[in-house]
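Taken together, the values in this text are just the output of simple stated rules run on the coordinates, not laboratory data. Everything quoted here is computed from the prediction, not taken from an experiment. When we count neighbours, we look across all protein chains shown, and the Cβ atoms used for this are built from the backbone with ideal geometry, even at glycine.
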Amino acid sequence: MRARTDLACWQGSQGRREEFAVRVVLLGAPGCGKGTHSEWMKEDLGVPQISTGDILRDAVKAGTELGKRAKAYMNNGELVPDEVILGMMRERLAQPDAAAGFILDGFPRTIPQAEGLDGILGEQAVQLDRVIKIDVASDELVRRLTSRRVCPNCKAVYNIGFRPPKKEGICDHCGEPIIQRDDDTEETARSRLTVYESQTAPLIDYYKANGLLAVINGNRGFAGAQAETREILDL
Ligand code: AP5
């Protein structure tokens with residue numbers, strides 16, 4: 001996969017250091033594991049994870065104009081309008097850390113967002129390296145979402161069944177109390193899955209057509225999905 005030269009360098013898990021920026025999109029339904037896999041990928045690739053969901057939740061918490069606009073959409077499981085997301089991502093991708101590459105988690109989510117991303121990257125004279133789609137069955141997605149807990153401080157992701165913190169209710173990384181997201185009720189989780197099928201799933205064909213898509217099986221547990229991802233990224 002690492003076939004282009006860029007300014008930044010990255011450190012692979014086997015200690016290799018090379019002169020490449022890596023730009024990856026993680027695609028998949030709510031609860032498929034985008035946030036979970038971003039946690040180890042950002043360490044191994046040495047690039048930031050850019051989660052539109054995390055940026056929006058921070059804005060809601062801080063009560064900014066962006067947060068006020070986004071809150072109702074998020075609580076209803078709907079997508080925040082494309083122009084809001086694209087403005088936010090244009091700013092985020094212009095920050096210096098993104099020059100080293102990135103893992104996009106939750107963006108793009110519609111065809112107009114994907115086209116907008118192509119435009120932003122085109123202006124920077126760079127392009128995506130890979131789009132990794134994590135496949136998980138829909139009943140399993142609802143189970144994972146309703147049993148998820150997150151750290152509002154450092155954004156670590158837990159699951160009360162599959163991946164609990166060492167000390168109940170407390171983040172392993174920063175010691176903050178972990179919480180359940182407002183949109184992780186069963187009703188909102190199901191609406192988010194419907195929105196995914198109608199508005200985000202068309203991106204599968206979009207990225208298949210330009211040869212960037214790789215699909216991994218996320219049904220078989222963390223280690224299997226991690227191994228497949230490592231193989232795709234040559235880590
Ligand atoms: P966002 O925060 O992006 O949510 P999402 O895409 O719905 O994805 P999730 O964070 O719910 O799931 P994930 O795939 O990261 O799964 P995770 O790793 O946590 O978006 C929230 C809202 O913001 C949207 O609804 C929308 O309103 C708005 N928004 C965000 N981006 C937008 C955009 N671009 N455009 C418009 N609006 C936008 O894993 C889930 C659970 O499963 C965890 O508990 C985890 O421990 C567990 N798990 C993970 N892997 C496994 C495994 N292999 N086996 C068992 N359990 C596992």
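If you rank 208, 167 by fewest surrounding Cβ atoms within 10 Å, what's the result?
Listed from fewest to most nearby Cβ atoms, that is 167, 208.
Just flag the chymotrypsin sites (Phe, Trp or Tyr not before Pro) in segment 122-208 sitting in loop per DSSP whose Cβ has no more than 16 other Cβ atoms within 10 Å.
162
Counting other C-beta atoms within 10 Å, which of 105, 118 has the fewest, and how do the rest follow?
Taking fewest neighbouring Cβ atoms as first place, the list is 118, 105.
Decide, for segment 195-235, between rounded, prolate and oblate: order the square roots of the alpha carbon gyration tensor eigenvalues as a ≥ b ≥ c, take rounded if a/c falls under 1.5, and otherwise choose prolate if a/b is larger than b/c, else oblate.
Cα axes put segment 195-235 in the oblate bin.
From the Cα gyration tensor of the chain, with a ≥ b ≥ c the square roots of its eigenvalues, which class applies: rounded if a/c is under 1.5, or else prolate if a/b is larger than b/c, or else oblate?
Rounded, because the longest to shortest axis ratio a/c is under 1.5.
Within the chain, what is the number of lysine pairs with alpha carbons under 18 Å apart, leaving out pairs fewer than eight places apart on the same chain?
Lysine pairs, 8 or more places apart or on different chains, close enough: 10.
Test of understanding: ordering 147, 38, 51 by Cβ neighbours within 10 Å, fewest first, what list do you get?
Final ranking by Cβ density, sparse to dense: 147, 51, 38.
Comparing 116, 224, 101, which has the greatest mean-square fluctuation in the GNM of the chain with Cα pairs linked when under 10 Å apart?
224
Would you please name the GluC sites (Glu not before Pro) within segment 162-212 that are DSSP coil residues with at most 11 other C-beta atoms within 10 Å of their C-beta?
Sparse-neighbourhood loop GluC sites (Glu not before Pro): 168.
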